[in-house]
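Worksheet: the structure to be examined is printed underneath.
The values are calculated or read from the model by the stated rules, or taken from the named source; none is laboratory data. These figures come from a predicted structure and were not determined experimentally. Every residue, glycine as well, gets a Cβ built from its backbone with ideal geometry; the counts of neighbours run over all protein chains shown. Surface areas here come from the heavy atoms of the whole protein model, side chains and all, with no ligands, DNA or RNA. Shrake-Rupley method; radii C 1.70, N 1.55, O 1.52, S 1.80 Å.
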Amino acid sequence: NGRQNIIHNIATSRHKLDNVNFKESHFKEIFGSNVFNESVQRERLSKPVFKALQRTIKLGTTLDAAIADAVASAMKDWALEKGATHFTHLFQPMTGLTAEKHDSFLSPSGDGNAIAEFSGKELCQGEPDASSFPSGGLRATFEARGYTAWDPTSPAYIQENPNGSTLVIPTAFISWTGEALDKKTPLLRSMEALSTQAKRILKLFGKDCSKVFTTVGPEQEYFLIDSQFFFARPDLLNAGRTLFGANPPKGQELEDQYFGAIPERVLACMADAETQLFKLGVPVKTRHNEVAPSQYEIAPIFEDSNLATDHNQLVMEVIRRTAPKYGLAALFHEKPFAGINGSGKHNNWSMSSDDGENLLNPGSTPHENAQFLVFCVAVIRAVAKYPELLRVTVSGANNDHRLGANEAPPAIISIFLGDQLQDIMDQLEKGAAKSTKQGGFMEIGVSVLPKLPKDAGDRNRTSPFAFTGNKFEFRAVGSSQSIAGPNTVLNTIVSESLDFIATELEKVTAGGKNLNLAVQELLPKILKDSKKVLFNGDGYSEEWHKEAEKRGLPNLKNTVDALAKIVSKESLELFAKYKVYNEAELRSRFTILCENYVKVVTVEAKLTSFMAKTMIIPACLRYQTEVAGAVATSKAAGVEATTSMELLKTLNSQIITLSTAVAKLDAVLAHHASGEPYDHSKYSRDAAVPAMNEVRAAADKLEAIVADDLWPIPTYREMLFIK
Ligand code: ADP
Ligand code: MG
């Protein structure tokens, strides 16, 4: 049968595993070699042009047209030397993926020949006919067209391809009326807002810096399975996750995979992908086996949030494209396999001044500590005030299978500080008591904080938002999601807190009060209101769910519950105030996310019905026929048919259960919910999801009794363990 053929093929296939050779070209030499980065710019641009471009990149000043022409021309020459034939404006529509349309450099010269051309205008602005991207009503096709605008803060690069390489220009995607049609624009706006507010705080501490930016290091989890299994599963192929599959006898219980030796074929694939990423200037740093069988992680060194977001998209894209070369398929879905861990993306986040000072680093002098406490308390206040907005950013039909499922953080947003920092905050809040656990004294601006541990000993994997020494780690983000959304919200809510704190401190210090004293008075007040969000215990436990409810923390259990918060009054006000999303932009995102939820669930529901009817039920009926034959033969031969008769009855009744469940699912699919997209999403959640689960439960039971040679789709025990 097909499955046995696949297994045979895998066992006998030989993939070329030595495509990269670090002896020939070490990553020191190839790193950034396909990027139009600062050193290439310095080399290829005249001094004034280089300086103007750098000012634009570092300070956000606008670039004048003559300079854009000079930059474009240098970029084109560089790209042609690298074998590029085309250029593209890469943008990030609200699908959460990236989009590109290639244009060739070719331009007819009028005498029957052609020349390569690339103007400043083509560099700065493009107009893709992108009317098929979701806009949530922002952009009726006949109204405002969208255009792409060059983002000079994310460098252009060459996407290598033996069939002609492409110069890729990262861009923002905006409607002609100025509304953001993408994920990059709001992120850039939120970074701007945070910079403005953080600079006010730094100014109070006597520091003048020109820019503060947020930094992000996303740890990316994913699965790699043999591509033959992948192609034999319509659910993996079309929905990215298995909609059927009995629990394998061996899952992840032995915990023998975590940090284990990486299989050779997987290692070859990783090294190949990493080589390409090095060339693209993506600073990937770590790789290891994750908890679930066939699950892995790749993590880069942190960068500014905009670049980190672009680079994370590249990491996913490059791995996805490289895997087939090794006969593998990469799965970025949040929950490709039920019953074992799903995949997430730990979003490590901090703030940094342009001279490189990490503003969440405790530091070693009282002065530094006071500043650290202000920034840290600002984050605590932000998460306490807007937990629902943070929750929304990690919602989605895929991540619903993961959040709160005792493998990923619960849907309740809380902060883990670790014992020592928690103790400091407790002392701070009480105001009076000044001794810390270490026996020292806690007086802002006077005493030194104890050194906070950054080691793994102080980790709490059950917390969605954890302080880890000099950064916060937002762990609820899904593996396939763009990190733009979570960071946009994080930046905005922290901006609001910094704004609040700066305003208070400016007021009292203007009246002559000493800054340290002002901080010492303000922070306890904030902590009193915000401490409900601090929790150091086990986030998976039943007690925490009760306790969280008592504390009044929201528990938005699924995407549909969460989505409604996007258009809440406080959300509309907050994002408008910091000019990150206007009302129309927020409403469009609400619509898109509702529609997306419905589409994902509907595709899965259709696939479930299709696979049950055309693959699983036929296999079951074949087996039933076989067993019925055994019963008849036994009886004819005059022996008792007890065993086969029992089996036949069990089979018969379970096939009926399955068929009934499928009929119910079909009825759900045939019914179209009326009302707004939000009503549709409720219907999908309340009717389609349970109906699908019922079909799966019945089918998975049958998988455990039907003859193995008749089972039509690769099983969990094969997909996860045959490497
Ligand atoms: P872990 O033990 O969780 O792997 P690491 O210290 O290796 O912790 O960091 C994980 C990620 O956090 C890496 O991508 C790293 O670059 C990133 N990171 C470290 N410092 C910062 C920072 N200041 N801002 C944002 N990300 C950071
Ligand atoms: Mg981590």
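Before moving on, here are some points about what is shown:
- The residues of the range 124-150 that are modelled with pLDDT of 90 or more and within 17 Å of L97 (Cβ to Cβ) amount to a single one, T148.
- The lone criterion from (1) modelled with pLDDT of 95 or more; (2) open to solvent by less than 40 Å² (accessible area, probe 1.4 Å); (3) in contact with a Leu (Cβ under 9 Å, 6 or more places away or on another chain); (4) not hydroxyl-bearing (S, T, Y) left unmet by V668 is number (3).
Table: residues versus (1) closer than 24 Å to Y716 by Cα; (2) surrounded by 20 or more Cβ atoms within 10 Å (Cβ to Cβ); (3) over 25 Å from the mean Cα position of the chain (by Cα).
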residue: M191; (1), (2), (3): no, yes, no
residue: S195; (1), (2), (3): no, yes, no
residue: A198; (1), (2), (3): no, yes, yes
residue: F205; (1), (2), (3): no, no, yes
residue: A232; (1), (2), (3): yes, no, yes
residue: N238; (1), (2), (3): yes, no, no
residue: N247; (1), (2), (3): yes, no, yes
residue: K250; (1), (2), (3): yes, no, yes
residue: I262; (1), (2), (3): yes, no, no
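- Only listed residue being farther than 30 Å from K211 by Cβ and surrounded by 22 or more Cβ atoms within 10 Å (Cβ to Cβ), chosen from G342, G327: G342
- Scanning the range 59-82 for residues that are surrounded by 15 or more Cβ atoms within 10 Å (Cβ to Cβ), assigned to a helix (DSSP H, G or I) and among the aliphatic types (A, V, I, L, M) yields I67, A68, A70, V71, A72, A74, M75, A79, L80.
- Looking only at residues of the range 452-464 that are away from ligand 2 (no atom under 12 Å from the Cβ) and open to solvent by less than 40 Å² (accessible area, probe 1.4 Å), we find that the one that is modelled with the highest pLDDT is P464.
- Test: residue in the range 296-309 that is without any contact (Cβ under 8 Å) to a residue 12 or more places away in the chain and either open to solvent by 10 Å² or more (accessible area, probe 1.4 Å) or away from ligand 1 (no atom under 16 Å from the Cβ) (or both): no
- Residue identified as within 25 Å of S135 (Cβ to Cβ), open to solvent by 20 Å² or more (accessible area, probe 1.4 Å) and not in a helix (DSSP H, G or I) among Y581, Y540: Y581
- Test result for Y147, in a strand (DSSP E or B) and away from ligand 2 (no atom under 16 Å from the Cβ): yes
- Residue among T503, T488, T509, T492 that alone is free of Cβ contacts under 8 Å to residues at least 40 places away in the same chain and away from ligand 2 (no atom under 16 Å from the Cβ): T503
- Residues of the range 36-52 that turn out to be acidic (D, E) and open to solvent by less than 80 Å² (accessible area, probe 1.4 Å), as a count: 1
- Some residue of the range 607-629 being exposed (fewer than 13 other Cβ atoms within 10 Å of the Cβ), more than 15 Å from L710 (Cα to Cα) and free of Cβ contacts under 8 Å to residues at least 24 places away in the same chain: yes
- Which listed residue is of a type outside the set (D, E), open to solvent by 20 Å² or more (accessible area, probe 1.4 Å), in contact (Cβ under 8 Å) with a residue 12 or more places away in the chain and touching a helix residue (DSSP H, G or I) at 6+ places or on another chain (Cβ under 7 Å), from T85, T98: T98
- The range 1-35, residues that are open to solvent by 70 Å² or more (accessible area, probe 1.4 Å) and of a type in the set (D, E, K, R): R14, K16, D18, K23, E24, K28, E29
- Of all the residues in the range 316-370, those that are of a type in the set (D, E, K, R) and within 23 Å of the chain's Cα centre (by Cα) number 6.
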